[in-house]
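Here's the structure we're looking at; comments come further down.
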Amino acid sequence: MKVAVVGCTHAGTAAVSNIANLHPEAEITVYERNDNVSFLSCGIALYVGGVVKDPQGLFYSSPEKLEEMGVTMKMRHEVLDIDTDNRRIRVKNLETEEELDDTYDKLVMATGSWPIVPPIEGIKLNNILLSKNYNQANTIIERAKDAKRVTVIGAGYIGVELVEAFQKYGKEVTLIDGEDRILSKYLDPEFTEVIEEDFRNRGIRLALNETVTRFEGDTNVSKVVTSKGEYESDLVILCVGFRPNTQLVKGQVDMLPNGAIIVDEYMRTSKKDIYAAGDSCAIRYNPTGEHAYIPLATNAVRMGTLVGRNIVKPTTKYMGTQGTSGLHLFDLSMASTGLTEKAAFSAGMNVKTITIEENNRPEFMPDYEVITLKVVYDDESRRILGAQVISKADVTQSINTLSVCIQNNMTVDELGFIDFFFQPHFNKPWNFLNQAGLQVI
Ligand SMILES: Cc1cc2nc3c(=O)[nH]c(=O)nc-3n(C[C@H](O)[C@H](O)[C@H](O)COP(=O)(O)OP(=O)(O)OC[C@H]3O[C@@H](n4cnc5c(N)ncnc54)[C@H](O)[C@@H]3O)c2cc1C
């Protein structure tokens, strides 16, 4: 069995190591245009902020490790064309410029995603940077040294993490977003307001509900102009979202309108013997039961692992995702899973919510912190569809528990009576998740 894998960050690395372990007879060739594998982008903000000192810790594999497993690693090789009818690929060696052809029995698309770069006037000026891979992380760190005023465009989780890192680094930071609040996809307003206030108190300028209209500067960017204002900037980081990297198989396999490849629960695309995993794919989103584009490393490693298990015969199904994610910003820990109330209403769903405020430990303990938890549930079936939590205490694991509840179609009524332990160091006799469930009668 000749397996060609295109792309080797998280989905690719997981697929390759699992195929090599489970099917030692497979002849695996990896084509990766970069010079490294398995870089954890989640560490970029920590690296920029100086929390991570040694960036080598942000890699958990290497071309050499995969080669030791018997895999042929074609690093700095870009796949230019894929002919899925004839199972042929055309590849360019980026070092020598040579082009070569290869064939496969099974193809794994792990080409991931690339940051969206909107066609804004001045976008090509120096010091307007992207934040996705290792080389970009190093460029950000290098350019940040001389930058006094940093502007981050896009208030998703990548943008806000960078804002924190630059603020701690002592920069004057502006965060611009076209939405009227930060983190709008992950949290409802009562949560984002708390974080926004914290940001403002720390001197971070929030330019929300503003669209960038142009960048100004000679060679380097010096100003970001928006629909409402102008922001002097020495460095701009663009974090406005990701697009799946799937041009190579466009028109050859089924995709969502944004180009995300649709896979079934065994990671099979609509074309026989082509598998896909990670940010290049759409995956079943359990709260709605529909395919959705949720580019997360967690989904990528699970899907890559499943490619390994299913590449010879369908064996293990993917259970779908809730898009569960967590963040730590200054003193606050927060996490969310499934639908926010806003997202549910936008999707035309009839939902209700419960919000509770509770201390994380009994008040007789020397210290305790307030937790805010919100649970979103279907008004009719009472099925839990989403949840968000924020606190100075780290109670983010509770959101993983609620992710399991969504995964298993549990109702908000059941939540009140799930068996959780009690010990005063950690919680109260009624766990706050139980308390949320007990609010609905
Ligand atoms: C700053 C940042 C922070 C993040 N933080 C988190 C986090 O905390 N938690 C979390 O779950 N997720 C996080 N993510 C998301 C996570 O990094 C992605 O979901 C993950 O990288 C997806 O892995 P992937 O292997 O599917 O795709 P990618 O990481 O996009 O990798 C695709 C690979 O394919 C290669 N490739 C593409 N086209 C070709 C071609 N034609 N020929 C050869 N090679 C090709 C690319 O070079 C690349 O190496 C973060 C992302 C960023 C950018």
Restricting attention to region 316-339, does a residue exist that is under 22 Å from A4 (Cα atoms) and touching a residue at least 60 places away in the same chain (Cβ under 8 Å)?
no
Restrict the check to region 139-147 and report whether at least one residue is free of Cβ contacts under 8 Å to residues at least 24 places away in the same chain and either under 24 Å from the mean Cα position of the chain (by Cα) or assigned to a strand (DSSP E or B) (or both).
yes
Restricting to region 74-122, what's the tally of residues that are part of a strand (DSSP E or B) and either away from the ligand (no atom under 14 Å from the Cβ) or within 22 Å of V263 (Cβ to Cβ) (or both)?
15
In region 269-280, is there at least one residue being in a helix (DSSP H, G or I), open to solvent by 20 Å² or more (accessible area, probe 1.4 Å) and more than 16 Å from the ligand (Cβ to nearest atom)?
no
Does L58 qualify as being open to solvent by less than 70 Å² (accessible area, probe 1.4 Å), within 13 Å of the ligand (Cβ to nearest atom) and touching a residue at least 60 places away in the same chain (Cβ under 8 Å)?
yes
Does E161 satisfy the condition of being assigned by the TED database to the domain that holds K185, among the acidic types (D, E) and open to solvent by 30 Å² or more (accessible area, probe 1.4 Å)?
yes
Identify the single condition in (1) within 26 Å of S41 (Cα to Cα); (2) within 11 Å of the ligand (Cβ to nearest atom) that K148 does not satisfy, given that it satisfies every other one.
(2)
Of those in region 20-37 that are within 15 Å of the ligand (Cβ to nearest atom) and of a type outside the set (D, E), the residue most open to solvent (accessible area, probe 1.4 Å) is R33
Condition (residue is out of contact with any strand residue (DSSP E or B) (no Cβ under 8 Å at 6 or more places or on another chain), within 27 Å of I182 (Cβ to Cβ) and open to solvent by 30 Å² or more (accessible area, probe 1.4 Å)) applied to region 125-141: is it met by at least one residue?
yes
Residues of region 281-327 classified as away from the ligand (no atom under 16 Å from the Cβ) and part of a helix (DSSP H, G or I), total
2
Can you pull out every residue in region 312-367 that is touching a strand residue (DSSP E or B) at 6+ places or on another chain (Cβ under 8 Å) and under 30 Å from N21 (Cβ atoms)?
P314, Y318, G320, T321, Q322, G323, T324, S325, G326
Pairs returned, first residue in region 410-421 that is under 15 Å from E380 (Cα atoms) and touching a residue at least 12 places away in the same chain (Cβ under 8 Å), second residue that is loosely packed, with under 15 Cβ neighbours inside 10 Å and hydroxyl-bearing (S, T, Y), beta-carbon separation under 9 angstrom, 6 or more apart or interchain, are T411/S381
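The values are calculated or read from the model by the stated rules, or taken from the named source; none is laboratory data. The structure presented is a predicted model; accordingly, all values stated were derived computationally and were not measured. Because the Cβ atoms are built from the backbone with ideal geometry, glycine has one as well, and the counts that use them run over all protein chains shown. Surface areas here come from the heavy atoms of the whole protein model, side chains and all, with no ligands, DNA or RNA. Shrake-Rupley method; radii C 1.70, N 1.55, O 1.52, S 1.80 Å.
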